[in-house]
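The values are calculated or read from the model by the stated rules, or taken from the named source; none is laboratory data. Computed from a predicted structure; not experimentally measured. Here the Cβ is made from the backbone with ideal geometry for all residues, glycine too, and neighbour counts use every protein chain on show. Accessible surface areas use protein heavy atoms only, side chains included; no ligands, DNA or RNA. Shrake-Rupley method; radii C 1.70, N 1.55, O 1.52, S 1.80 Å.
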Amino acid sequence: MLEIRNVSRIYKPKKGVPVKALDNVSLKFPEKGMVFILGKSGSGKTTLLNILGGLDRADKGEIIIKGKSSKDFTQSDFDSYRNTYLGFVFQEYNILNEFTVGANIGLALELQGKKATNQEINRILEEVDLVGYGNRKPTELSGGQKQRVAIARALVKNPEIILADEPTGALDSKTGIQIFETLKKLSKDKLVIVVTHDREFAEYYGDRVIEFKDGRVISDIEKYVAPSFKKNPYISIVDDKIISIKQGYQLTPEDVKLINDYIKNHNAIISIDERANEDLRKFARIDLEGNKEAFKQTDESKIEISQDKRFKLIKSRLPWKNSIKIGASGLKSKPFRLVMTILLSIVAFTMAGLSDTLGAYNKYKVTTQSYIDSNINAYVLQKQIKVGEDRYSNDINANDEDLRRLKEKTGLTFKGVYNPGRLNFSLGSYAHNTSDGIVVLYETNAFSGFYEITQDDINQLGFNYWGTLPQSDDKIAISKYMFDFFKKYGYSYESLRIPAAEIINVDDFLNKNPKIYLNNQEFTVTAVIDTEFNYQKFEPLNKTREEMNRDNFINYWFEYELSQTILYGYHGMFFVNDGYIGRMMEDSNHIYVNSGNLYLYPEPSFPLSSVLKQEHIDQDDIIFFNSQKNKLNSNEVILNVRTYIYYLQNALTSYYETIYGDN
């Protein structure tokens with residue numbers, strides 16, 4: 001009925017080394033009999049009992065109960081399994097002191113959905129030799145009697161398995177024997193599994209003894225009866241050491257001679273005193289027929305398993321009257337203390353909740369959650385630095401550390417987009433034919449930047465694509481928004497001309513190997529990515545500029561939102577292969593320098609600051625006057641010398657002057 005397979009359980013404390021309580025343990029238990037689990041503290045025996053009883057869950061392995069695996073159990077199934085098939089007997093009794101003995105048993109009956117009649121309660125008390133104790137309170141009982149009440153309560157459900165955890169640990173030896181005698185009697189019809197430290201009791205009462213050490217089974221033995229050597233029908237030699245004479249038999253002269261000869265040649269024991277005989281028989285585990293009980297290695301293959309595979313669980317139900325009675329028992333005994341405890345608990349929980357709420361407030365998480373709740377699925381962040389006396393804001397490049405900190409603060413994953421500055425990109429310049437005028441929907445020439453795309457990115461974003469994602473630095477993918485422009489107006493670049501009528505689908509377009517010129521480099525388009533542009537939302541912009549001017553002024557705001565959607569979304573990106581941006585920025589032949597508004601302060605205490613655009617020049621065009629220098633440092637810029645000197649002379653005559661660099 002009950003089996004465990006490859007069960008392991010590891011306890012992981014907050015501090016210290018993890019403890020392996022059970023290490024890949026497999027055991028099969030019989031339908032009935034008394035099985036003892038031995039072992040020192042920490043060996044894993046109690047953990048095994050808790051897992052068998054569904055009080056704890058294994059990290060690995062499974063329990064098989066009537067052919068059903070615990071892997072198929074819900075938590076509710078475990079509760080019902082304990083209520084249906086198991087009876088628990090604990091060292092601390094766990095009986096309710098506010099109820100009488102009979103009421104304790106009656107409560108257990110009601111949890112089973114049965115009626116708690118006096119007849120049924122007395123029947124159960126008779127099984128544990130407690131007839132007449134039904135009206136007593138637990139405080140009026142001895143330790144052994146309390147334990148038998150606990151056993152009686154376990155018998156209410158007529159369990160097929162009784163699990164006892166150190167049932168005699170709090171009892172004296174004499175009372176302990178009474179408890180083991182009771183459990184032994186029950187084991188004739190049920191499986192009784194007992195955890196104990198007492199090896200002597202285990203070997204005397206147990207049909208099987210399993211010993212644990214460090215979470216593993218180190219010994220598993222079962223009891224069997226070793227027949228004695230009979231000299232005649234009335235005299236037997238037990239274990240070659242003890243002479244057993246059947247009670248009431250009178251020795252003949254031949255018997256006396258036989259015994260004398262055996263004693264002469266063997267170190268045998270013979271006892272005549274009746275009490276000494278009984279003690280010797282129990283100690284040596286010899287029955288009245290002279291047969292000796294012994295142990296051998298357990299053979300689990302011979303354990304008989306019932307063919308009854310019916311697995312029916314009974315859900316426990318506690319009547320509401322008993323629930324109220326149990327809850328009110330504390331109020332009855334110490335009402336003032338209970339009321340004060342409740343009031344203080346309410347105050348404490350309120351203050352703890354308030355403190356936790358205030359302490360857990362995180363402006364990053366709150367802001368992030370507000371965007372998530374608003375169903376915003378893309379965010380664009382720019383890094384800025386404040387410079388100069390007037391604290392001008394300059395956009396600067398983010399780095400990997402910035403992305404790491406963003407993820408740490410918000411819990412979201414960010415990926416860098418690189419925009420090297422002016423690229424002179426215009427969708428309209430690639431149109432094959434725009435004689436009808438480009439509609440406002442496609443007038444936006446915003447460019448988000450370069451984005452390194454991988455298959456993992458596609459999966460995470462939930463996008464679809466056609467063609468092949470870029471695999472080299474001369475390949476690129478465009479958004480479906482851009483492709484839809486070419487599908488409407490055709491494509492034209494250098495000698496390649498593709499009329500709109502010839503672009504039926506993406507494959508028609510990609511098969512012509514279209515190219516796009518960006519960042520002083522020519523790319524071949526190998527894929528089109530559907531970035532899920534919302535055409536329905538911007539349908540009012542599907543008009544020419546002339547038509548727009550005749551319509552409602554509200555279209556202006558649609559047009560502004562469109563430009564922001566393209567600029568700060570995936571629709572205006574160019575998708576390159578993984579690693580392209582890093583290789584491009586490390587290339588010594590591509591230097592991006594600042595030009596634009598330059599503010600000079602004559603006083604040394606003021607910093608030299610700039611609000612600049614990035615512009616491309618070749619390394620070979622730079623002449624370094626310092627022979628020790630052959631490249632720019634990260635904090636250096638290149639300026640037009642003639643312009644710089646001219647405006648510097650003017651700047652010396654005033655507090656500061658604005659200088660315009662070459663464009």
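Quick one: putting +1 on the C-beta of Lys and Arg, -1 on the C-beta of Asp and Glu, what dipole do you get for the range 8-128 around its Cα centre, in Debye to the nearest 20?
680
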Cross-link pairs beyond the 28 Å C-alpha cut-off, checked among K71/K409; K45/K188; K66/K292; K20/K68; K71/K184: K71/K409; K66/K292; K71/K184
Rounded accessible area per residue of the range 428-475, 1.4 Å, Å²: 50
Carbon-plus-sulfur fraction of the accessible area of the range 128-265, 1.4 Å probe, in percent? 47
The Cα radius of gyration of the range 92-167, divided by 2.2 N^0.38 Å with N its residue count, comes to 0.99
Could you give me D for the range 1-95, from Stokes-Einstein at 4 °C and 1.567 mPa s, where the hydrodynamic radius is the Kirkwood radius over C-alpha pairs? Units µm² s⁻¹, please. 90
Report the Stokes-Einstein translational diffusion coefficient (µm² s⁻¹, integer) for the range 496-552, Rh taken as the Kirkwood radius over Cα pairs, at 10 °C with viscosity 1.306 mPa s. 109
Per-residue counts of other Cβ atoms within 10 Å, averaged by peptide: what ranking do you get for 572-578, 367-373, highest first? 572-578, 367-373
Dmax and Rg, reported as Rg then Dmax, of the range 140-200 (C-alpha, Å): 11.2, 32
Whole-percent pair-distance distribution, where bins are 10 Å wide, for the alpha carbons of the range 48-150: 13, 39, 27, 18, 3
Tell me, what is the per residue accessible area of the range 118-216 in Å², probe radius 1.4 Å? 45
